[in-house]
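The values are calculated or read from the model by the stated rules, or taken from the named source; none is laboratory data. Computed from a predicted structure; not experimentally measured. Backbone-built Cβ (ideal geometry, glycine too); neighbour counts: all protein chains shown.
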Amino acid sequence: MTKGEVAAVLEEIGTLLELKGENPFKIRAYVNAARAIETFGGNVPSFEDDEALAKIPGIGKSIALKIKELAATGSLKYLEELRAQFPAAILELFSISGLGAKKIKALYEKLHISSIEQLLKACETGRVAELPGFGETTQAKICKAIEERTRHSGYFQFGQIAHEAETLRSDFAAHPDTLHMEVAGSYRRRKEIVHDVDLLVATKKPAAITKFFVGHLLVESIIAQGPTKSSVRLRSGVQCDLRVVSTAEYPFALAYFTGNKEHNIELRSRALKRGWTLNEYRLAPLPIEVKAKKKKPPKKIPKVRDEADLYRAVDLDFIPPELRENWGEFEVAEKHASRN
């Protein structure tokens, strides 16, 4: 378990304790512990190790026991009990600018508001303004904050989701049923703005990988779950999609889910000119009826073990993920500068 995951759990406990109206010193203890773990520069070989935990300043005995339980079992009974006291969507309210624990607690207790949708309706009907400590001005600011959140929904800066993406990369890479894995999509292309996170995992046990994915500590809610594709909402708010494939399918899927639409169209076009059909799972001969229309016989399909083999198959040098936008990378790659 990573430092980031443990810190996220402690921070969530602090947030839920605030909603309960717990002792401020108790709340601060969890928040400070989360910050201490995040900023600790030393190595933590295992959060089950008493000596390792003792080296981190700000971790008391009670919190240390909870961290050990979390590291040993992957879950924490105390957190589950706290979560059970509130609707799951209530934590989304913290993403609205200007709303802190006290105001969210009042909204929940007085108006039974536990989601952004419910909050917006209450603002539109004027009920929020009637609450003590809110008023018309606060209600208007909340409406504007919700509008801004909706407008920018689905757009995340690279740095905003990098920690979650790298945590997932590390955790999946360490999973015993993972054969190969990568964070694909616009994240792998290192785009400044990322719409979602795409995880690709090659495995012989897709059910085990899917179960691990939907049960991960970074997952806030499950959007869809299937045998080869699942989607969740991470705690940052970004959607994360998992695709599980076989080892043979992995190079094709990795290329497909990394390049943008225009890049993939050009790649498929180059395969077509050689008498092949290329999709996210394989490189295969064209159907017989299509072959009959071609004047030239198709070339023999080479063995593809990785992305470099795929690009080599269509007579291109390997194109780095960051360049896969069809902005001239094909013209450079076909000159074989790397082989000169």
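Computed values, structure above
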read-out: Residue within region 151-162 that is under 21 Å from Ala253 (Cα atoms) and either in a loop (DSSP other than H, G, I, E, B) or in contact (Cβ under 8 Å) with a residue 60 or more places away in the chain (or both) present; value: no
read-out: So Gly14, is it buried (at least 16 other Cβ atoms within 10 Å of the Cβ), at pLDDT below 90 and part of a helix (DSSP H, G or I); value: no
read-out: Residue satisfying condition, being at negative phi and in contact with a Ser or Thr (Cβ under 8 Å, 6 or more places away or on another chain), within set Val197, Val183, Val214; value: Val214
read-out: Filter pass, Ala89 being touching a strand residue (DSSP E or B) at 6+ places or on another chain (Cβ under 9 Å), assigned to a helix (DSSP H, G or I), of a type in the set (A, V, I, L, M, F, W, C) and modelled with pLDDT under 85; value: yes
read-out: Selection within region 43-69 - surrounded by 14 or more Cβ atoms within 10 Å (Cβ to Cβ), of a type outside the set (Val, Ile, Thr) and more than 20 Å from Lys20 (Cβ to Cβ); value: Phe47, Glu48, Ala52, Leu53, Gly58, Ala64, Lys68, Glu69
read-out: Number of the condition not met by Pro176 [criteria: (1) free of Cβ contacts under 8 Å to residues at least 40 places away in the same chain; (2) more than 29 Å from Ala101 (Cα to Cα); (3) not in a loop (DSSP other than H, G, I, E, B); (4) not aromatic (Phe, Trp, Tyr)]; value: (3)
read-out: Test: residue in region 232-244 that is surrounded by 21 or more Cβ atoms within 10 Å (Cβ to Cβ), without any contact (Cβ under 8 Å) to a residue 24 or more places away in the chain, touching a Phe, Trp or Tyr at 6+ places or on another chain (Cβ under 6 Å) and part of a strand (DSSP E or B); value: no
